[in-house]
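Taking it in order: structure first as structure tokens, then the write-up.
The values are calculated or read from the model by the stated rules, or taken from the named source; none is laboratory data. Remember, it's a predicted structure, so these values are computed and weren't measured experimentally. Cβ: placed from backbone, ideal geometry, glycine included. Neighbour counts: every protein chain shown. Heavy atoms of the whole protein, side chains included, go into the accessibility calculation; ligands, DNA and RNA do not. Shrake-Rupley method; radii C 1.70, N 1.55, O 1.52, S 1.80 Å.
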Amino acid sequence: TETYAFPFGKGKKWAGNAGRLEDLLIGGWSISSATNFSSGLPFTPSLNDCSPSSDTGPCRPNKVGGVKSGTRSGDPRVGGYWFQNTGGVSLSTAGQTAGPWGQPLLDSFGNVGRDTFRGPKLFNMDATVFKDLAITEKVKAQLQFQFYNAFNHLNLDLPNATVDSTSGGAITAKAYGTQMRSLTFGARIMF
């Protein structure tokens, strides 16, 4: 978080000899912002039915093709948006494959490693504009204009990681702790 005070108004670099009315309009302005650029969170693809490989450990599929290639949905709420799924074909038999995914053979692990996939990136910028006012020598006021998610960027949550369901790869929620643009206004008096 950084705060920048604009160099305008009484005692500042520009308009330093401003009168009271001019200083009221152009002096005492500051801006502060906090920006977050983050890579996507890791996740592990899984299977809808793990019974063929349940005795060999984690329920992980085999990746047998390119999961970002082929036809994918353009709508985050529809399966196949983040990665290509099996098109609704259930991988319930050992060694079965559909699209870029497969059920591992008996007595073997799936070849997809833990946390090897990444979800959507996160971008957020919050900004605050301050206006300081001198009412008397001892009494001061401050106006605050706060912008949360100033660019109104939608930050998506992790996708449905089940590769062999029709909703596999769909994203149905915002990332935890994020919000759409929100504006607040406030004032405080200091004495």
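Rolled with a 1.4 Å probe across the full set of protein chains, the surface gives Tyr4 an accessible area near 120 Å².
I'd like the accessible area for Thr136, computed on protein heavy atoms only with a 1.4 Å probe and all protein chains in place. Round to 10 Å², please. For Thr136, solvent-accessible area is about 70 Å².
Quick check: net charge around Leu143, other residues with Cβ under 10 Å of its Cβ, Lys/Arg +1 and Asp/Glu -1? With Lys, Arg at +1 and Asp, Glu at -1, the neighbours total +1.
For the set Thr172, Thr86, Thr184, the ranking by accessible area, highest first and with no ligand, DNA or RNA atoms included, is Thr172, Thr184, Thr86 under a 1.4 Å probe.
Top to bottom by accessible area (1.4 Å), largest first, where do Trp101, Trp29, Trp82 land? Intermediate values should be presented prior to the final figure.
Details: Trp101 0, Trp29 75, Trp82 50 Å².
My answer, sorted largest first, is Trp29, Trp82, Trp101.
Once the other residues with Cβ under 15 Å from the Cβ of Gly186 are scored (Lys, Arg +1; Asp, Glu -1), what is the net sum? Result for the local shell: +1.
The HN-Hα couplings worked out from phi for segment 147-164 by the Karplus form 6.51 cos²θ - 1.76 cosθ + 1.60 (θ = phi - 60°) are 10, 9, 6, 4, 8, 6, 7, 7, 9, 8, 6, 5, x, 5, 8, 7, 6, 10 Hz, whole numbers, x standing for Gly and Pro. Computed over protein heavy atoms with a 1.4 angstrom probe, the accessible surface ordering of Thr93, Thr166, largest first, is Thr166, Thr93.
Would you mind telling me the share, in percent, of accessible area of the chain contributed by carbon and sulfur at probe 1.4 angstrom?
Details: 6510 of 11540 Å².
The C+S portion of the solvent-accessible surface of the chain is 56 percent.
Please identify the trypsin sites (Lys or Arg not before Pro) of segment 72-154 that satisfy two criteria: DSSP loop assignment and at most 10 other Cβ atoms within 10 Å. Which are they? Counting only loop positions with at most 10 other Cβ atoms within 10 Å, the trypsin sites (Lys or Arg not before Pro) in segment 72-154 are Arg114, Lys138.
A crude spin-label estimate for the pair Gln142 and Ser108, with each label 7 Å from Cα along the Cβ direction, gives 6.4 nm. Taking label points 7 Å from Cα along the Cα-to-Cβ direction, Thr44 and His153 give a separation of 3.0 nm. With all protein chains kept in place, the per residue accessible area of segment 115-191 amounts to 61 square angstrom at a probe of 1.4 angstrom. Legend: calculated FRET efficiency, Val64 to Phe123, from the Cβ-Cβ distance at R0 = 45 Å, rounded to 0.05, equals 0.85.
Quick check: net charge around Trp101, other residues with Cβ under 12 Å of its Cβ, Lys/Arg +1 and Asp/Glu -1?
+1
Using C-alpha pairs under 8 Å with a sequence gap of at least 6, the mean separation divided by the residue count of the chain gives a relative contact order of 24 percent.
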